[in-house]
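K.L.:
Structure below; questions to follow.
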Amino acid sequence: METSAQVAQEASPALVVLSGRPGTGKTTIAREVCRRLGACYLRVDAAETALARTGAAVGVGGYAVIHELAVSNLLLGNTVVVDAVNPVPEARMSWRDAARRAGVPLVNLETVLPDREEHRRRVERRVADIPGHEVPTWEVVQSGEWSAWDEGRDGPRVLVDATDTAAAVALVLDAVCRPNG
């Protein structure tokens, strides 16, 4: 088994974006991947919560803040792992632009939970881990905007079944360390 230091040495700086509906394991996987790689972790929920706390309109602002933080860190030579729903093609496309501006590869991953009841259970058990952040209800997750991934439109991505967190983390690390293989 590889150590965290060995994994980090294998990975060239990259923009790693975990997308998926709320409650599919993005945050859990992203945090563990960052621990293992020593990567920068950026979470759109944190930016949106901070904007809301100041009374600012959130809209696309949370994504815009995270884009600039990502590019800044990438230009320093850091791998950046982004945790964001990215529900629509425009959100997904914006990460391509950020990776291009930083001159690094983009690794897109989509987290899914094939078992609908497991997904619902996870959503209903979630507790906010950011002060002031409101986690969505199952009804909001189900009715929220979500465009199915289309690789022709949204670019290639690795589909990550988050049922088994350890296996999902291993898959993401493999995708990050070998983005073209």
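K.L.:
Can you name every one of the helices (runs of 4 or more DSSP H) wholly within segment 62-181 that holds 1 or more residues which are among the hydroxyl-bearing types (S, T, Y)? Walk me through it before giving the result.
P.N.:
On the way: elements: 89-102, 116-125, 138-143, 151-154, 165-177.
Where helices (runs of 4 or more DSSP H) fall fully within segment 62-181 and carry at least 1 residues being among the hydroxyl-bearing types (S, T, Y), they are 89-102, 138-143, 165-177.
K.L.:
Okay, moving on. Which members of segment 136-181 meet the condition of being basic (K, R) and on the phi > 0 side of the Ramachandran plot? Lay out the reasoning, then the answer.
P.N.:
The first filter runs over segment 136-181 and keeps only residues basic (K, R), leaving 153, 157, 178.
None; the set is empty.
K.L.:
If I filter segment 34-80 down to residues being open to solvent by less than 60 Å² (accessible area, probe 1.4 Å) and of a type in the set (S, T, Y), which single residue comes out as farthest from I130 (Cα to Cα)?
P.N.:
T79
K.L.:
Hey, could you check segment 119-134 for residues that are more than 20 Å from the chain's Cα centre (by Cα) and surrounded by 11 or more Cβ atoms within 10 Å (Cβ to Cβ) and say which is farthest from D45 (Cα to Cα)?
P.N.:
R121
K.L.:
Residue check, V160 against (1) farther than 21 Å from V33 by Cβ; (2) surrounded by 13 or more Cβ atoms within 10 Å (Cβ to Cβ), all met but one. Which one?
P.N.:
(1)
K.L.:
Now a separate question. Could you check segment 11-33 and list, in sequence order, the residues that are over 17 Å from R92 (Cα atoms) and surrounded by fewer than 22 Cβ atoms within 10 Å (Cβ to Cβ)?
P.N.:
A11, S12, P13, T27, T28, R31, E32 - these are the residues of segment 11-33 that are over 17 Å from R92 (Cα atoms) and surrounded by fewer than 22 Cβ atoms within 10 Å (Cβ to Cβ).
The values are calculated or read from the model by the stated rules, or taken from the named source; none is laboratory data. What you see is a predicted model, and the numbers here were worked out from it, not measured in a lab. Every residue, glycine among them, receives a Cβ derived from its backbone with ideal geometry; neighbour counts consider all protein chains shown. Note: areas computed on protein heavy atoms with side chains; ligands, DNA, RNA excluded. Shrake-Rupley method; radii C 1.70, N 1.55, O 1.52, S 1.80 Å.
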